[in-house]
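Chemist: Below you'll find the structure I mean.
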Amino acid sequence: MAKNIWVFCEQRDGEIQNVALELLGVAHELAEKTNEKVNAVLLGHNVKDKAQMLIAHGADGVYVVDDENLEKFVTEPYAQAITHIAKKYEPNVILFGATSIGRDLAPRLSARLKTGLTADCTKLEMDEEGNLFMTRPAFGGNLFATIICPDSRPQMSTVRPGVMKKLEADASRAGEVVVEALEWDTSKFAVTVLEEVKAEKAEANIEDAKILVSCGRGVKNLESAQELASKLHGTVSASRTLVDAGLVDHARQVGQTGKTVRPEAYLAFGISGAIQHLAGMEESEFIVAVNTDKNAPIFKVANLGIVADAEAVFKNLNKLL
Ligand SMILES: Cc1cc2nc3c(=O)[nH]c(=O)nc-3n(C[C@H](O)[C@H](O)[C@H](O)COP(=O)(O)OP(=O)(O)OC[C@H]3O[C@@H](n4cnc5c(N)ncnc54)[C@H](O)[C@@H]3O)c2cc1C
């Protein structure tokens, strides 16, 4: 019988990605319902020593495939590795981050295991029988659909980065590390990575920022926002309006078609609070909204609301700090 909750723990250049730790956090919560174990799946080359970090963040055990075929992410070898261990151990659930890698790998695996996959989930719940309730925005974010996968196992889902909460690391946690080897079918390796060229401009990583100074249509001067963000050691993010206008890079967009963020402080300037925007930030720990319209919907999710002109608030704060 299928059992246990697996998390595909994405690493890039040997660095475990935040979303993996967030998924271990939610997997831990789900596992409490059914008394199942949380297992991390770690694929890569020379990555075995990262297993302890995954245990500290909530994994009861780690399956590792450490092989030079997994040095760089290429779909086929990664798909072969995870298919091999999933067929061998038959997990009840497998979770992936909804990243470019997770979105590539998870559908391959679900097709090979002949099971379903719910993409881009924002909420996961489990009943006592081990059925997973996977909730995701639907119809342009106007409603949320909860999807179940009653007839096949594993139940699979990708989850957006920044949505779930990671556990505090506990170095005293113990867990079993199982190293798996497999016979590769190299005849299927159609892609070889010849060279890796990093994008010149580092992508803004708004998901990891502790403070976001987020700007919407009501912000006329992005330089003031940038100045405030620098003074607060934060990062500038934006609503889709500014991204569509070509004023801000898409990597900084918050919301349903952008990124989901959960910073310690989300400072929303001139953002109305459309449902598609809220979907990406309402789990922030502390929300400050600045808007000239006292009826703007953003104030419904704000911990602190300031009815004022964005530029005036920028000016005053930048002078004070
Ligand atoms: C399928 C779909 C996906 C979408 N995905 C996203 C997404 O990922 N992210 C996203 O953000 N949106 C998304 N949208 C768009 C979303 O519906 C809204 O249109 C958008 O969020 C509005 O951006 P805004 O708040 O900057 O602009 P507006 O809604 O125009 O709001 C501007 C606000 O600024 C205030 N304001 C004006 N002047 C000032 C001033 N001087 N000082 C202070 N405040 C001022 C106004 O009172 C107003 O509340 C999506 C829409 C669809 C249909």
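Chemist: For segment 86-100, what are the residues that are assigned to a helix (DSSP H, G or I) and touching a helix residue (DSSP H, G or I) at 6+ places or on another chain (Cβ under 8 Å)?
Modeler: Restricting attention to segment 86-100, the residues satisfying the condition of being assigned to a helix (DSSP H, G or I) are 86-89, 100.
Result: ALA86, LYS87.
Chemist: Does ILE85 fit the bill of being touching a Phe, Trp or Tyr at 6+ places or on another chain (Cβ under 7 Å) and surrounded by fewer than 24 Cβ atoms within 10 Å (Cβ to Cβ)? Steps first, please.
Modeler: Working: touching a Phe, Trp or Tyr at 6+ places or on another chain (Cβ under 7 Å): yes; surrounded by fewer than 24 Cβ atoms within 10 Å (Cβ to Cβ): yes.
When the stated conditions are applied, ILE85 passes them.
Chemist: For the condition within 16 Å of the ligand (Cβ to nearest atom), open to solvent by less than 20 Å² (accessible area, probe 1.4 Å) and not in a loop (DSSP other than H, G, I, E, B), what is the one hit in LEU124, LEU212, LEU105, LEU109?
Modeler: On the way: LEU124 fails: within 16 Å of the ligand (Cβ to nearest atom); LEU105 fails: within 16 Å of the ligand (Cβ to nearest atom); LEU109 fails: within 16 Å of the ligand (Cβ to nearest atom).
Selected residue: LEU212, the only one of LEU124, LEU212, LEU105, LEU109 that is within 16 Å of the ligand (Cβ to nearest atom), open to solvent by less than 20 Å² (accessible area, probe 1.4 Å) and not in a loop (DSSP other than H, G, I, E, B).
Chemist: Among ALA204, ALA119, which is the only one that is more than 30 Å from ALA296 (Cα to Cα) and within 16 Å of the ligand (Cβ to nearest atom)? Walk me through it before giving the result.
Modeler: Details: ALA204 fails: more than 30 Å from ALA296 (Cα to Cα).
From the options ALA204, ALA119, the qualifying one is ALA119.
Chemist: Those residues that are more than 21 Å from SER100 (Cβ to Cβ) and surrounded by fewer than 20 Cβ atoms within 10 Å (Cβ to Cβ), I need them from segment 31-52; list them, please.
Modeler: First pass over segment 31-52, keeping only residues more than 21 Å from SER100 (Cβ to Cβ): 31-39, 46, 48-49, 51-52.
Those that are more than 21 Å from SER100 (Cβ to Cβ) and surrounded by fewer than 20 Cβ atoms within 10 Å (Cβ to Cβ): GLU32, LYS33, THR34, ASN35, LYS37, ASN46, LYS48, ASP49, GLN52.
Chemist: Now for a separate question. Of ASN131, ASN142, ASN205, which residue is touching a residue at least 12 places away in the same chain (Cβ under 8 Å) and loosely packed, with under 11 Cβ neighbours inside 10 Å? Let's see the steps before the verdict.
Modeler: Working: ASN131 fails: loosely packed, with under 11 Cβ neighbours inside 10 Å; ASN205 fails: loosely packed, with under 11 Cβ neighbours inside 10 Å.
The conditions single out ASN142.
Chemist: Can you work out which of the residues in segment 262-290 that are open to solvent by 20 Å² or more (accessible area, probe 1.4 Å) and in contact (Cβ under 8 Å) with a residue 60 or more places away in the chain is nearest to the ligand (Cβ to nearest atom)?
Modeler: It comes out as GLN276.
Chemist: Shifting gears a bit: Evaluate the following for VAL254: is it within 16 Å of the ligand (Cβ to nearest atom), more than 16 Å from the chain's Cα centre (by Cα) and outside the structural domain of GLU71 (by TED's automatic domain parsing)?
Modeler: Working: within 16 Å of the ligand (Cβ to nearest atom): yes; more than 16 Å from the chain's Cα centre (by Cα): no; outside the structural domain of GLU71 (by TED's automatic domain parsing): yes.
In short, no.
Chemist: Here is a further query. Among what's in segment 297-309 and is open to solvent by less than 50 Å² (accessible area, probe 1.4 Å) and closer than 16 Å to VAL254 by Cβ, pick the residue that is nearest to the ligand (Cβ to nearest atom).
Modeler: ILE298
Chemist: ALA98 - would you say it is in contact with a strand residue (DSSP E or B) (Cβ under 6 Å, 6 or more places away or on another chain), assigned by TED's automatic domain parsing to the domain that holds THR34 and open to solvent by 30 Å² or more (accessible area, probe 1.4 Å)? Give the steps one after another, and end with the answer.
Modeler: Working: in contact with a strand residue (DSSP E or B) (Cβ under 6 Å, 6 or more places away or on another chain): yes; assigned by TED's automatic domain parsing to the domain that holds THR34: yes; open to solvent by 30 Å² or more (accessible area, probe 1.4 Å): no.
When the stated conditions are applied, ALA98 does not pass them.
Chemist: Looking at LEU21, is it touching a His at 6+ places or on another chain (Cβ under 6 Å) and crowded, with 23+ Cβ neighbours inside 10 Å?
Modeler: Working: touching a His at 6+ places or on another chain (Cβ under 6 Å): yes; crowded, with 23+ Cβ neighbours inside 10 Å: yes.
Answer is yes for this residue.
The values are calculated or read from the model by the stated rules, or taken from the named source; none is laboratory data. Model, not experiment: these values are computed from the prediction. Neighbour counts run over all protein chains shown; Cβ positions are idealised from the backbone, glycine included. Each accessible area value is taken on the protein alone, full model and side chains, heavy atoms only, with ligands, DNA and RNA left out. Shrake-Rupley method; radii C 1.70, N 1.55, O 1.52, S 1.80 Å.
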